[in-house]
Amino acid sequence: MGKQTNKATAAGLIIALGIIYGDIGTSPLYVLNEIIKGRVISEELIVGSLSCIIWTLTLQTTVKYVILTLRADNKGEGGIFSLYALVRRRKKWLVMPAMLGGAALLSEGIITPPITVTSAVEGLKQINALSDIQQSTIIGIVIAIITLLFLLQQFGTASIGKFFGPIMLVWFSMLAVLGSIHLMDEIHVFKAFSPHYAIELLSKYPKGFWILGAVFLCTTGAEALYSDLGHCGKNNIRVSWIFVKICLLLNYIGQGAWLLANYKGQIIQIDGFNPFIGIMPYWFKLIGIIISTVAAVIASQALISGSFTLISEAMRLNLCPKLKINYPTEEKGQLYIPGISILLYFGCLGIVLFFQKSENMVAAYGLAITICMMNSTILFSNFLVSKRVRPALIYLYLGVYLTIEISFLIANLQKFLHGGYVTIIVGGALFSVMYVWYRSRKIKNRYVEFVRLEQYVPLLQELSNDRTIPKHATHLVYMTSANNPKEIEHKIMYSILNKKPKRADIYWFVHVDVLDEPYTCEYNVEHIIPNDIIRVEFRLGFRVEQRINLMFRKVVEDLVKNKEVNITSRYESLEKNKVAGDFQFVVLEKYLSQDNELPFTERVIMKIYFWLKEISLSEERGFGLDPSNVSVEKFPLIVAPVADMKLKRVYHDASEGI
């Protein structure tokens with residue numbers, strides 16, 4: 001994918017506008033409005049704030065993401081989990097920043113659609129004929145738009161997605177034109193290009209440092225530039241960003257000049273006031289609000305799609321429970337996760353109903369995404385280490401960006417009591433799910449016992465030829481987690497030989513190896529005993545859907561074509577008519593045994609893990625197996641057997657019975 005999109009093209013640039021710039025592109029709707037809230041409009045405030053915005057977009061978005069982080073492409077793919085896949089073999093603890101960053105990014109997905117759509121729709125208050133519109137009416141419109149947006153998810157966006165790029169081109173052009181009209185309203189705004197005024201605002205303006213919390217909102221969509229690398233290609237992103245940044249800066253500066261020219265020395269307390277709508281000519285306001293709302297919907301769509309992709313990657317990397325994934329269209333990367341869609345939808349509704357107004361939402365926005373950016377900084381610094389970049393440059397990178405992002409985090413902490421706790425709670429819950437899933441796997445690994453397969457080969461051959469035992473299936477297929485092809489889980493051998501002997505003509509052991517590369521899809525076959533015991537290993541990228549049923553069928557077809565295996569039924573009546581034998585998959589499902597002595601924390605983790613397993617996709621459906629060909633066997637997971645049970649035998653005296 002990455003090779004196809006590496007070269008910048010006109011079509012690629014338009015696609016990039018429609019996919020990756022929704023969040024950062026709609027930030028002019030609310031950034032300056034939040035900065036001036038409750039403050040006197042002055043040259044120091046406006047010029048200093050504009051300077052902060054210009055240098056935040058330059059240092060945080062342009063330098064960190066567009067120039068540096070885009071270099072960390074995983075076979076053309078980007079995003080925090082793609083970055084983690086590149087560095088996860090360096091240090092085991094790097095899974096923590098990956099899970100923290102992923103959870104934080106998902107939690108912000110609940111507040112971004114409400115804030116962008118509400119900010120756009122509230123612009124109706126600045127049209128004279130609609131100035132008396134009730135907030136309840138605006139809430140109703142916002143909920144209707146969000147509901148329609150989520151209803152469309154299940155059908156895919158391939159048909160309407162082709163219009164996103166041209167619409168966002170109109171949006172950014174509108175930003176540039178509206179801002180340019182007012183550039184000369186106050187010529188002093190151009191001083192904002194000097195970082196001196198940003199430093200003065202933060203150090204001398206009363207409570208100036210806390211303005212960073214509002215300034216940070218101009219770059220919240222920067223992570224999306226990296227996450228959508230695979231859809232657009234780094235060169236399309238880099239070239240299109242030049243156009244996008246110019247349009248954004250023109251609009252911000254135009255808003256600032258208009259505010260100084262019209263409201264200098266005042267505290268603006270007009271209900272529904274927004275400088276973004278204010279800079280529009282009156283005759284254009286309704287058209288501008290409609291375009292703004294459509295842009296907000298496109299921004300929300302991009303974020304929802306990004307959330308689906310993020311969760312699917314976490315599932316393949318075994319960092320979260322498996323959930324049902326639908327593929328509504330044939331387009332690559334188009335997927336729909338009903339469970340996540342429902343979570344996001346009710347989360348968005350809750351945000352709209354709880355906060356009511358966009359200004360209240362803005363007060364809670366940005367805290368979690370700061371945490372995501374800090375964690376991506378840690379992961380990217382480890383990527384630089386893996387590329388043997390000079391340590392001095394790595395420490396410089398860490399020093400600069402952790403200083404910037406910790407400053408943003410401190411400034412954003414004031415939002416915690418104003419609603420920021422909502423995204424922190426949601427992000428904390430998502431991180432807890434990922435941590436439990438990851439930690440439980442480590443606990444379970446204490447129990448998994450591997451044995452040498454060669455020791456059991458004679459037993460399997462004898463069982464296969466033992467006609468006194470009823471045949472379980474012609475082909476018996478087990479999923480194995482053994483990375484070493486010469487080993488097998490003891491529980492599988494126990495299932496075949498001890499529990500209830502399962503005679504089959506051919507035993508298949510299938511292993512899935514999830515690779516750091518995103519789209520690898522290959523397999524290899526080892527004939528342990530030709531036509532008797534066969535091991536198949538699938539090597540799948542972390543973005544490849546694990547449809548083992550279809551993949552295994554393709555493997556069998558290839559083997560038959562190459563005359564490596566005979567799948568004809570061994571029953572005489574069927575064999576002479578060349579009828580293919582049946583294939584039966586056996587899935588071993590674990591349950592927590594009562595015979596355990598675990599520390600309290602681990603006991604809680606395992607109980608939550610098994611509860612999550614109950615509400616998530618079953619093992620067989622997670623591997624994409626056909627339920628009609630699968631039998632499920634339960635076996636106890638004894639992770640810490642009771643060391644010493646005090647049980648004493650007592651003897652009855654024979655004389656007692658006389």
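Worth pointing out:
- Checked against the criterion of being modelled with pLDDT under 85, open to solvent by 30 Å² or more (accessible area, probe 1.4 Å) and either part of a loop (DSSP other than H, G, I, E, B) or over 20 Å from ILE443 (Cβ atoms) (or both), the candidates PRO636, PRO641 yield just one match: PRO641.
- Of the residues LEU45, LEU50, LEU100, LEU70, the single one that is open to solvent by less than 10 Å² (accessible area, probe 1.4 Å), closer than 19 Å to ASN375 by Cβ, out of contact with any strand residue (DSSP E or B) (no Cβ under 7 Å at 6 or more places or on another chain) and modelled with pLDDT of 85 or more is LEU70.
- In this structure, GLU545 does not satisfy being farther than 30 Å from GLY79 by Cα, open to solvent by 50 Å² or more (accessible area, probe 1.4 Å) and touching a Leu at 6+ places or on another chain (Cβ under 9 Å).
- Restricting region 490-517 to residues that are within 15 Å of GLU537 (Cα to Cα) and at pLDDT 85 or above, the residue that is most open to solvent (accessible area, probe 1.4 Å) is ASP513.
- Boolean, TYR263 is open to solvent by 10 Å² or more (accessible area, probe 1.4 Å), at pLDDT below 90 and among the hydroxyl-bearing types (Ser, Thr, Tyr): yes
- Residue in region 282-300 that is surrounded by fewer than 20 Cβ atoms within 10 Å (Cβ to Cβ) and not in a helix (DSSP H, G or I) present: no
- Residue within region 248-255 that is open to solvent by 10 Å² or more (accessible area, probe 1.4 Å) and in a helix (DSSP H, G or I) present: yes
- Wholly within region 368-480, helices (runs of 4 or more DSSP H) carrying at least 2 residues that are in contact with a helix residue (DSSP H, G or I) (Cβ under 6 Å, 6 or more places away or on another chain) and either within 30 Å of LEU343 (Cα to Cα) or charged (D, E, K, R) (or both): 391-412, 421-444
- Residue in region 188-204 that is in a helix (DSSP H, G or I) and under 32 Å from the mean Cα position of the chain (by Cα) present: no
The values are calculated or read from the model by the stated rules, or taken from the named source; none is laboratory data. Just so we're clear, the structure is a prediction, and the values are computed from it rather than from any experiment. Note that each Cβ is placed from the backbone with ideal geometry, even for glycine, and that neighbours are counted across all protein chains shown. We work out accessible area using only protein heavy atoms, side chains counted, and drop any ligands, DNA or RNA first. Shrake-Rupley method; radii C 1.70, N 1.55, O 1.52, S 1.80 Å.
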